[in-house]
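As structure tokens, the structure follows; a few thoughts come after it.
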Amino acid sequence: MEPALLNQVPSLDLANFTSGDAGQKEKFVEDLGEAFTNIGFVAIKNHGLSDALRASLYDTVREFFEFPDEIKRKYEFAELFGQRGYVGKGKETAKGFKVGDLKEFYHIGQPDPIGSMPSNIFPDELPDFKKYTLKVYETFEQAGKTLLRAIALYLNLPEDYFEDKVKNGDSLLRALHYFPIPNPELVPEGAVRAAAHGDINLITLLMGASAEGLEVLRRDGEWIAITALPDQIVVNVGDMLDRLTNHKLKSTIHRVVNPPREKMGTSRYSIPFFMHPRADMDLTCLESCVTADQPKLYINMTAGEFLDERLRELGLKK
């Protein structure tokens, strides 16, 4: 029997997983797994991100994106394929689309890069940008590791299964600006703030955006709006976790639609954290997720190979 079609994403409390109460922990694991097998999204509270830190980050991110383009472009380096620093307007195109998204963004990676990882780039004009982005990066990375422990238990894996795979992983904090469109009639046909896509990574953690617009594609083909309370973050399954679990945990297609015409002249800000493993993680489907009813869907790849393929599809890497 198919699970129920949801009109909104389930809400869960991460404190129930970390409280020390075995019953609460077990229920959290089951509820999280059910949400991720059904709609692929969940709203989480008690994630460690304070209201004050969130507000401070949004303030400094707004300041950066209000700079003239010539200042922002100082922090854009094509040779980094968009993995660090600034990425300009219309540079990213969703897989399968020909028109660039109506957005610009800034990427922050591991604070202490190892191996061939690039170092972070921070705007000299805004010292607080480094301070707040790194603090949020560390907060989200910790929350992500906790959620991955719950996911491991749901998959009947050791609770620490993901620990060594995400240690010094390729995770990214993305500060996003969906810029104002003063002349909507000049927008290329089909261009939207973020075209329908699945995320590349294991899981995405998203703090509340500054305006509505996020929608998720339910399995019956209906788009439903995603909303979260101020004290919640939205967490969703990425394509890497979908591959690993042979589509048991669902990477659900989502998008950010354009606002009504009268609001096209306003900005929208959003700050997701894309939790990636290290490049050498094997994404081969778990044997426990391959059955006669659900044969293996994906070819074997490492996380690094999959990321490289997707960056080319997005137009960030040639």
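The values are calculated or read from the model by the stated rules, or taken from the named source; none is laboratory data. Everything quoted here is computed from the prediction, not taken from an experiment. Don't worry about glycine lacking a Cβ; one is built from the backbone with ideal geometry, like all the others, and counts go over all protein chains shown. Calculation scope for accessible area: heavy atoms of the full protein, side chains included, ligands and nucleic acids excluded. Shrake-Rupley method; radii C 1.70, N 1.55, O 1.52, S 1.80 Å.
Looking at Ile71, Ile121 in this structure, which one is among the hydrophobic types (A, V, I, L, M, F, W, C) and not in a helix (DSSP H, G or I)?
On inspection, the qualifying residue turns out to be Ile121.
Quick test for you: out of Lys95, Lys89, pick the one residue that is among the basic types (Lys, Arg), outside any strand (DSSP E or B), under 18 Å from the mean Cα position of the chain (by Cα) and surrounded by fewer than 18 Cβ atoms within 10 Å (Cβ to Cβ).
Lys95
Could you tell me whether the range 133-145 includes any residue that is touching a Ser or Thr at 6+ places or on another chain (Cβ under 7 Å), in contact (Cβ under 8 Å) with a residue 12 or more places away in the chain and not charged (D, E, K, R)?
no
Would you confirm whether any residue within the range 281-299 is farther than 23 Å from Leu53 by Cβ and modelled with pLDDT under 90?
No, the conditions are met nowhere in the range 281-299.
Let's see how each residue does on (1) open to solvent by less than 20 Å² (accessible area, probe 1.4 Å); (2) free of Cβ contacts under 8 Å to residues at least 60 places away in the same chain; (3) under 23 Å from Tyr137 (Cβ atoms):
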residue: Arg218; (1), (2), (3): no, no, no
residue: Trp223; (1), (2), (3): no, yes, no
residue: Ile233; (1), (2), (3): yes, no, yes
residue: Pro260; (1), (2), (3): no, yes, no
residue: Arg278; (1), (2), (3): no, no, yes
residue: Ile299; (1), (2), (3): no, yes, no
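Consider Asn156 carefully, then state whether it is open to solvent by 40 Å² or more (accessible area, probe 1.4 Å) and touching a Gly at 6+ places or on another chain (Cβ under 9 Å).
Values: open to solvent by 40 Å² or more (accessible area, probe 1.4 Å): yes; touching a Gly at 6+ places or on another chain (Cβ under 9 Å): no.
When the stated conditions are applied, Asn156 does not pass them.
Taking the condition of being assigned to a strand (DSSP E or B) and over 19 Å from the mean Cα position of the chain (by Cα), how many residues in the range 257-283 meet it?
Qualifying residue count, the range 257-283: 1.
So in the range 1-43, with the set limited to residues that are at pLDDT 95 or above, among the aliphatic types (A, V, I, L, M) and outside any helix (DSSP H, G or I), which one is surrounded by the most Cβ atoms within 10 Å (Cβ to Cβ)?
Only one residue tops the list, namely Leu12.
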